[in-house]
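Reading through the structure tokens given below for one structure.
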Ligand code: AMP
Ligand code: ZN
């Protein structure tokens, strides 16, 4: 039974989708004004793993991730660079898709852009105005927070506390400091759209309400995003959508913990960030994804190089087993008398993932499995194709299809014939050295190859090697 911790009810609940076998899921995507950083990547990757696990459980998942392509930050960047907002948004949208692909995040079913949904946004604001939840003040339209009874139900805040804590804003046009913008009147040098309230552009929150409704309907199953979005963004989305439709907006709310640096949220504004692009130069997508998977999505996670190095070593263990299996498969006979069962590990993996997508436990199961599979291979001189394929299938179903950290059929990175021959020559020299009991030389060869990223693996069948993969 799959359970999900729901921010709305503050409990772990059994997951029951609105339509059997189908999941409709929305995640707040990037504001496209810069390359995204590794903190953003944590939210994108963990939502991808959740989606992949739902697919593993045979749900047909409709996964929507929006792009905020009209926003103060985009306008600011465009003005700084003497470009139009459209240029900036298009440039960073393209960069977003490139990076997300490198991170092996599956493409969303739809990636709606705010600027392509102006009509839906305007219609939704009109609906709120007609129902008395919105007011127009000379071209600026605001949401009247006090009018919505459930305001604060997601974040656990109540209006009175919020009011007493709110900074006194110098905004004469708002009735209440907590009211937020649905439509912003155009200022000089800003992009604008025609509307019933004059020229202007939408507020950020209304964009997600309009786009999720367009692509997933008035009620859907899962809404996700980083912890920073619980208030006010998601609280406001609920207020807008539920006031307009009178229906429950999203049944489950999932929030991702922050990626921190020295216990502080990685963010553009604090300047303590690494772009995903930079990090991908040093670590592969598999390493980054394993690093994130080793901590449950909801908890905080501190970024540091030694943790990533540890994940790199961990990934090598999985890749080494894949390589070992693929090599053995080249000569293996069909079936032998020895059996190797993955069933208990598969169950343990599923139990971990069913428990609010506990990837931390699930990766531990995979590492235990690796040890046991290697022991099995060490202890049996001839292992048949059936057993080898069953190990490969387990790794494919879990580490590849759900966590997205390996590719069991990837050809080793280097296919340069000369390089392979030279490595093989060194392996042969090392074997000769070992036969002559010259262990000083054989260790030297192994260690120096290791430093170059060539990992040697000894087994009864001889020595094989693996080149550790780093994306360039
Ligand atoms: P933004 O482009 O800032 O709107 O953020 C895109 C997504 O990344 C949102 O779901 C944010 O909540 C999430 N996010 C931003 N910073 C972090 C962080 N340091 N750790 C985890 N998620 C983050
Ligand atoms: Zn959103």
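Data overview
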item: Boolean, residue 78 is within 12 Å of ligand 1 (Cβ to nearest atom), farther than 24 Å from residue 153 by Cβ and buried (at least 20 other Cβ atoms within 10 Å of the Cβ); result: no
item: Strands (runs of 3 or more DSSP E) within region 1-79 that include 1 or more residues without any contact (Cβ under 8 Å) to a residue 40 or more places away in the chain; result: 11-14, 60-65
item: Residue match in region 294-307 (condition: more than 30 Å from residue 133 (Cα to Cα), more than 16 Å from ligand 2 (Cβ to nearest atom), in contact (Cβ under 8 Å) with a residue 60 or more places away in the chain and out of contact with any strand residue (DSSP E or B) (no Cβ under 7 Å at 6 or more places or on another chain)); result: yes
item: Residues located in region 218-235, provided they are within 12 Å of ligand 1 (Cβ to nearest atom) and over 15 Å from residue 157 (Cα atoms); result: 223, 224, 225, 226
item: Test result for residue 398, within 30 Å of residue 255 (Cα to Cα), in contact (Cβ under 8 Å) with a residue 60 or more places away in the chain and not assigned by TED's automatic domain parsing to the domain that holds residue 43; result: no
item: Residue in region 41-49 that is away from ligand 2 (no atom under 16 Å from the Cβ) and farther than 19 Å from residue 349 by Cβ present; result: yes
item: The lone exception for residue 204 - which of (1) within 19 Å of residue 157 (Cα to Cα); (2) within 16 Å of ligand 1 (Cβ to nearest atom) it fails; result: (1)
item: Output for region 152-173, where each listed residue is modelled with pLDDT under 90 and either buried (at least 17 other Cβ atoms within 10 Å of the Cβ) or in a strand (DSSP E or B) (or both); result: 162
item: Residue within region 42-58 that is surrounded by 24 or more Cβ atoms within 10 Å (Cβ to Cβ) and closer than 30 Å to residue 188 by Cα present; result: no
item: Residue 29 being near ligand 1 (Cβ under 8 Å from one of its atoms), under 15 Å from residue 111 (Cβ atoms), crowded, with 24+ Cβ neighbours inside 10 Å and assigned by TED's automatic domain parsing to the domain that holds residue 187; result: yes
item: Residue check, residue 230 within 22 Å of the chain's Cα centre (by Cα) and either within 16 Å of ligand 2 (Cβ to nearest atom) or closer than 23 Å to residue 149 by Cα (or both); result: yes
item: Test for residue 219: is it in contact with a helix residue (DSSP H, G or I) (Cβ under 8 Å, 6 or more places away or on another chain), assigned by TED's automatic domain parsing to the domain that holds residue 102 and either within 16 Å of ligand 2 (Cβ to nearest atom) or at negative phi (or both); result: yes
item: Residue within region 187-201 that is assigned by TED's automatic domain parsing to the domain that holds residue 122 and within 16 Å of ligand 1 (Cβ to nearest atom) present; result: no
item: Residue identified as at pLDDT 95 or above, touching a strand residue (DSSP E or B) at 6+ places or on another chain (Cβ under 8 Å) and either exposed (fewer than 13 other Cβ atoms within 10 Å of the Cβ) or not assigned by TED's automatic domain parsing to the domain that holds residue 13 (or both) among 327, 319; result: 319
item: Which numbered condition residue 410 misses (of (1) surrounded by 13 or more Cβ atoms within 10 Å (Cβ to Cβ); (2) over 30 Å from residue 354 (Cα atoms); (3) out of contact with any strand residue (DSSP E or B) (no Cβ under 9 Å at 6 or more places or on another chain); (4) modelled with pLDDT under 90); result: (2)
item: Residue within region 124-132 that is over 18 Å from the mean Cα position of the chain (by Cα), on the phi > 0 side of the Ramachandran plot and outside any helix (DSSP H, G or I) present; result: yes
item: Qualifying residue in region 343-355 (condition: closer than 23 Å to residue 385 by Cβ and free of Cβ contacts under 8 Å to residues at least 24 places away in the same chain); result: yes
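The values are calculated or read from the model by the stated rules, or taken from the named source; none is laboratory data. Only a predicted model underlies this, so the values are computations on that prediction, with no experimental measurement involved. When we count neighbours, we look across all protein chains shown, and the Cβ atoms used for this are built from the backbone with ideal geometry, even at glycine.
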